[in-house]
Amino acid sequence: MTILRVGFIGAGEQGINNLLPAMLQVSGARVAAICDQDASRGEIAAARAGGVPYYEDPKKMIESGKLDAVVMAAPPNVHRDIGHFAIEHGLHTFVEKPPCMTTRELLDLIAASRKHGVTTGVGLNYRFASAVQRFHEVSKNPLFGELVHLGIMHAANKPRAPMWGTNTTRAFMLAQAIHSVDLAISFGGELDKVDVSVREKGKSSIIQIDLSFESGATGSLLTGSAFPVFAYEMLAVGSGGHMMRLENFWDLTLLSEGRQGPLIGDGKRWREAWHPSPLESGYARSGYFGELQAFTDAIQQKKRFVADYEAMLPTYKVIDAVVDAASSTHTTSRAAASPEVAHV
């Protein structure tokens with residue numbers, strides 16, 4: 001197996017604290033260069049990566065001809081512009097969320113990646129968190145049955161102001177709720193209908209998104225910036241008489257009517273709890289290692305990465321529906337037509 005040479009762009013807080021340490025644990029790839037406009041940060045990151053070359057200009061690093069892929073943790077305009085540049089130079093490209101600002105920009109990135117035949121990826125670590133992986137595994141157990149309903153509560157207290165040159169609502173959806181919309185779609189499948197309710201008061205918001213999937217399952221997402229702290233909860237109801245709840249990516253509880261459960265046990269009523277092992281690497285538990293390993297494996301196996309640019313299209317359609325609802329009125333209910341994905 002050829003070891004992929006990865007250029008790492010962005011040695012800020014997210015890059016240096018999460019993505020770079022996780023990338024250094026990935027098998028089948030090695031960090032071959034570091035890039036950051038801040039020389040002090042970049043040189044520290046290059047030293048942590050084993051004394052690899054440091055670049056101040058990402059284009060020069062990409063043009064060096066010494067890389068197979070890039071991993072980026074930067075603002076979305078950099079993800080978009082340098083992402084295009086990397087793709088045009090034939091490099092596989094992974095960017096922290098969000099990959100860009102708008103659906104139109106995403107379509108352009110998809111077209112470029114298809115033209116140049118490269119693998120793309122978006123950093124959506126919630127998908128790969130240990131507890132979510134377990135949640136997904138149980139939901140696919142035949143004893144759990146078909147997914148009937150998926151509920152997500154994603155409480156946050158920021159951002160409450162415009163970011164990245166866009167309005168507050170889009171900034172919030174791209175910075176925070178993009179994770180939860182992506183998770184809901186990854187579990188529910190093809191979307192049939194989206195209903196959005198947005199309530200804004202001052203700088204805060206409460207956003208309710210109701211989803212109908214072609215499978216017949218439903219989903220609901222409660223999010224917004226009006227909460228005092230970050231908190232997260234997922235709830236899945238299966239047709240086999242089971243309900244599963246995950247709180248803050250740690251406590252997973254499975255409840256049964258009394259039939260044989262997806263994991264163990266039976267009886268009139270049955271309950272089982274699970275949480276990640278305390279011995280598990282923090283980067284594995286949080287999903288950063290899992291997403292980068294899966295991205296590397298997809299390149300090595302010449303397969304699509306599950307969270308590539310194209311997989312993000314339905315999520316961006318939902319974000320558009322939320323932004324449209326918020327712009328219509330501070331308190332509104334908007335029924336969106338089927339979020340048909342444009343063909344590239």
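The values are calculated or read from the model by the stated rules, or taken from the named source; none is laboratory data. As the structure is a computational prediction, the values presented were derived from the model and not from experiment. Glycine gets a Cβ as well: all are built from the backbone with ideal geometry, and neighbour counts include every protein chain shown.
Would you call LEU254 touching a Pro at 6+ places or on another chain (Cβ under 8 Å) and within 26 Å of ARG285 (Cβ to Cβ)?
Here the answer is yes, as LEU254 does meet what is asked.
Please specify each residue of the stretch 103-125 satisfying the condition of being farther than 20 Å from SER186 by Cα, surrounded by 17 or more Cβ atoms within 10 Å (Cβ to Cβ) and in contact (Cβ under 8 Å) with a residue 60 or more places away in the chain.
Listed by number, the residues that qualify are LEU109, SER113.
Quick grid of which residues meet (1) over 25 Å from the mean Cα position of the chain (by Cα); (2) on the phi > 0 side of the Ramachandran plot; (3) part of a loop (DSSP other than H, G, I, E, B):
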residue: THR2; (1), (2), (3): yes, no, yes
residue: GLY15; (1), (2), (3): no, no, no
residue: ARG30; (1), (2), (3): no, no, no
residue: ILE34; (1), (2), (3): no, no, no
residue: ARG41; (1), (2), (3): yes, no, no
residue: ILE44; (1), (2), (3): yes, no, no
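Criterion first (out of contact with any strand residue (DSSP E or B) (no Cβ under 6 Å at 6 or more places or on another chain), of a type in the set (Gly, Ala, Ser) and outside the structural domain of GLY240 (by TED's automatic domain parsing)) does ALA111 satisfy it?
The answer is yes for ALA111.
Quick one: which strands (runs of 3 or more DSSP E) sit completely within the stretch 61-180 and have at least 3 residues that are under 15 Å from the mean Cα position of the chain (by Cα)?
Qualifying strands (runs of 3 or more DSSP E): 92-96, 120-123.
Only one of PHE94, PHE85 is more than 22 Å from ASN125 (Cα to Cα) and in contact (Cβ under 8 Å) with a residue 12 or more places away in the chain; which?
PHE85
Just the residues that are out of contact with any helix residue (DSSP H, G or I) (no Cβ under 7 Å at 6 or more places or on another chain) and of a type in the set (D, E, K, R), please, taken from the stretch 22-40.
Of everything in the stretch 22-40, those that are out of contact with any helix residue (DSSP H, G or I) (no Cβ under 7 Å at 6 or more places or on another chain) and of a type in the set (D, E, K, R) turn out to be ARG30, ASP38.
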